[in-house]
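Working notes for the structure below.
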């Protein structure tokens, strides 16, 4: 019988052995059509948790609804704290590292029927393999590596909340 670690090694090992069409060379810098965002925090309510991403200037926010376990993991990682036992994202980070991989980029690609789609680029032996992911998982893994989360321009157009411009100053002459 295979242990959980052996099964994960096999599964991740196979996913890192992508065909040449799936593998690409390492790219440096911000991808075209994307903007770098960072985690501002997680707002928790009685029934909903909202992850808030913000750009460097902190004038654009992207809200993403996340489940309770993702909210906890993202919150802990954002404050560089750990739970007493490894959470799922901690385990994924460990497995990727033990197999010689490295998470190098995270993107939120689309918003389809109210759900965000994301991609995680894993570098393995000088090649980058793109994995499909939930946005919350991608963000949690980006935090673990202290990476920005690149958000597609189309996603920003559909969901971004922009800080309003201050009204023109009114001057009253006496």
Open item on the list: Among the residues of the range 100-116, are any modelled with pLDDT under 95, assigned to a helix (DSSP H, G or I) and more than 12 Å from the chain's Cα centre (by Cα)?
Closed with: no
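Mind telling me which of the residues 122, 128, 106 ends up being in contact (Cβ under 8 Å) with a residue 40 or more places away in the chain, over 25 Å from residue 156 (Cα atoms) and buried (at least 17 other Cβ atoms within 10 Å of the Cβ)?
128
Restricting to the range 50-72, what's the tally of residues that are out of contact with any strand residue (DSSP E or B) (no Cβ under 9 Å at 6 or more places or on another chain) and within 19 Å of residue 135 (Cα to Cα)?
Start the filter on the range 50-72 by keeping residues that are out of contact with any strand residue (DSSP E or B) (no Cβ under 9 Å at 6 or more places or on another chain), which leaves 57, 69.
Then drop every residue that is not within 19 Å of residue 135 (Cα to Cα), which leaves 69.
Residues that pass the stated criteria total 1.
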Task: Number of the condition not met by residue 146 [criteria: (1) surrounded by 12 or more Cβ atoms within 10 Å (Cβ to Cβ); (2) under 11 Å from the mean Cα position of the chain (by Cα)] - done: (1)
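Select from the range 13-39 the residues that are under 23 Å from residue 92 (Cβ atoms) and modelled with pLDDT of 85 or more and write down the one among them that is surrounded by the most Cβ atoms within 10 Å (Cβ to Cβ). Give the steps one after another, and end with the answer.
First pass over the range 13-39, keeping only residues under 23 Å from residue 92 (Cβ atoms): 13-19, 22-24, 26-27, 31, 34, 36-39.
When the remaining residues are screened for being modelled with pLDDT of 85 or more, the result is 31, 34, 36-39.
Details: 31: 15, 34: 20, 36: 14, 37: 25, 38: 18, 39: 20.
So, considering only residues that are under 23 Å from residue 92 (Cβ atoms) and modelled with pLDDT of 85 or more, the one surrounded by the most Cβ atoms within 10 Å (Cβ to Cβ) is 37.
The values are calculated or read from the model by the stated rules, or taken from the named source; none is laboratory data. It should be emphasised that the depicted structure is a prediction, and the values quoted were computed from it without experimental measurement. As a convention, Cβ positions derive from the backbone with ideal geometry for all residues, glycine included, and neighbour counts pool all protein chains shown.
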